Amino acid sequence: MKNILYFLGTLFIAIGLAFFASNWLGGYENPGYVLIGIGNWSLETSLVVFTVTLIIGFFIFYMFFRSLGWLIRLPGRLKQRGRNVKFNRSQEALIAGLVDSAEGNWEKAEKVLIKHASHSGAPLIHYLTAARAAQSRGALDKRDEYLKQAATQAPGSDVVIGLTQAELHLSGNQFEQALETLTKLHSIDPGHASVLKLMHQAYQRVGDWEGVRKLIPSLNTSKVLMETEIKLLETETFSNLLRQAAAQADASACELVWADMPDYIKNMPGISAIYFAAMIGAGAGAKIEAELAKAVSKNWNETLLELFGSVESDDVFKQIEMAEQWLSIQSNSAVLLAVLGKLCFKCGNHANAEGYLLRSIALEPSVHAYQLLGDLSYLQGDKDKASECYKQGLELASTEIVKRIDTIS
């Protein structure tokens, strides 16, 4: 329509010019004439006819060459129009694929995305979305194929493709593969926030707490997590490192973790108990005896108190002396009385041991106190009393188990 209007407009201008020239020249008494000679040939005509012919001829030649140019460009235009049609279809396919993925129509989404990916202005999105759809329906081979095609179609997009691959590996519980990909990405861009976030998640899933510990400074610097999240992660990391060292009964590893642990974590309830228990379990209780006693004196804690009683000390009498000092302040502590009974039992002071254990049971009966009293009675040759103590301890343990079951249900 535009070309037709352009043609008609030009034609009307040409006719108008010819009409104006004819009237203007025709207004003279002698309008003049034009003589053109070529060899033996000559052409004579009036100036009016020559001018009008010249205008019309110029219009015809102009339109001829313009049409010729249009015809020459026509194949390219048709080709571009075809590309535009395919591009528009690919955009529609991308939207349809994203909608199908959101609705859970994985196979349908995958087909429509791949069919039009090669004609799209954003083939990377097609292939990455198709890879997610393939994984969602369990087609892991197809997923990997689409990721490779994405790398081919969008060179220079290694990070975004790698991140998608790592996310898919993580969601598919392929942790080793995810870590392999993320390690490569980390070497390319050590401060990339998304890479760091996925790396710490992968390390957590595989239980590599040493890996998480090494990442924490980068996570903090890059502001990947909020400060409170960093502190929670740091607490979880050091707690698990301490538990791992304890499980291996490695006193040196426990000491190294404790030395690197920030003070705010050391002061958290329960953390120091893990460390002291780990050292005692590793047979290095004598190393932490003084520190443990200081912790109990500073913040009265019956869990730490029981651990103090479990230390294989080089000087049990010194332990008893320390515990008796606490008794002057915490005279009604059944746990402390049981610990004193245990320590006196260790050093052979059976009379005091029995007295402390009976006082502990009178205040608050415990399975541990009954067991110690039963062991003491058996050692003294009173088997009936020992049997009665063991029986009462078992009954108490059974009652506690029933209470826990009731609480759970």
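The values are calculated or read from the model by the stated rules, or taken from the named source; none is laboratory data. As the structure is a prediction and not an experimental result, all values here were calculated from the model. Every residue, glycine among them, receives a Cβ derived from its backbone with ideal geometry; neighbour counts consider all protein chains shown. Surface accessibility is based on the protein's heavy atoms, side chains included, excluding ligands, DNA and RNA. Shrake-Rupley method; radii C 1.70, N 1.55, O 1.52, S 1.80 Å.
Computed quantities for the displayed model
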{"item": "Boolean, Thr235 is surrounded by 14 or more Cβ atoms within 10 Å (Cβ to Cβ) and among the β-branched types (Val, Ile, Thr)", "result": "yes"}
{"item": "Sole exception among (1) touching a helix residue (DSSP H, G or I) at 6+ places or on another chain (Cβ under 7 Å); (2) open to solvent by 20 Å² or more (accessible area, probe 1.4 Å); (3) not acidic (Asp, Glu) for Ala193, by number", "result": "(1)"}
{"item": "Condition met for Lys266 (closer than 26 Å to Pro190 by Cβ and among the basic types (Lys, Arg))", "result": "no"}
{"item": "Any hit, the stretch 246-253, residues being in contact (Cβ under 8 Å) with a residue 24 or more places away in the chain and open to solvent by 70 Å² or more (accessible area, probe 1.4 Å)", "result": "no"}
{"item": "Search result, residues across the stretch 276-301 that are open to solvent by 50 Å² or more (accessible area, probe 1.4 Å) and more than 11 Å from Ala249 (Cβ to Cβ)", "result": "Lys287, Ala290, Glu291, Lys294, Ser297, Lys298, Asn299, Trp300, Asn301"}
{"item": "Segments classed as helices (runs of 4 or more DSSP H), wholly inside the stretch 256-352, with at least 2 members that are aliphatic (A, V, I, L, M) and closer than 17 Å to Leu241 by Cα", "result": "271-281"}
{"item": "Which numbered condition Glu321 fails, given (1) open to solvent by 90 Å² or more (accessible area, probe 1.4 Å); (2) on the phi > 0 side of the Ramachandran plot", "result": "(2)"}
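Conditions (1) in contact with a strand residue (DSSP E or B) (Cβ under 7 Å, 6 or more places away or on another chain); (2) open to solvent by 30 Å² or more (accessible area, probe 1.4 Å); (3) among the β-branched types (Val, Ile, Thr), marked per residue:
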| position | (1), (2), (3) |
| --- | --- |
| Asp315 | no, yes, no |
| Ser331 | no, yes, no |
| Ala338 | no, no, no |
| Gly341 | no, no, no |
| Ala353 | no, no, no |
| Leu357 | no, no, no |
| Val367 | no, yes, yes |
| Gln371 | no, yes, no |
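A quick yes/no check of all residues on (1) among the charged types (D, E, K, R); (2) open to solvent by less than 50 Å² (accessible area, probe 1.4 Å); (3) part of a helix (DSSP H, G or I):
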site: Lys142; (1), (2), (3): yes, no, yes
site: Gln149; (1), (2), (3): no, no, yes
site: Pro155; (1), (2), (3): no, no, no
site: His169; (1), (2), (3): no, yes, yes
site: Gln177; (1), (2), (3): no, no, yes
site: Leu185; (1), (2), (3): no, yes, yes
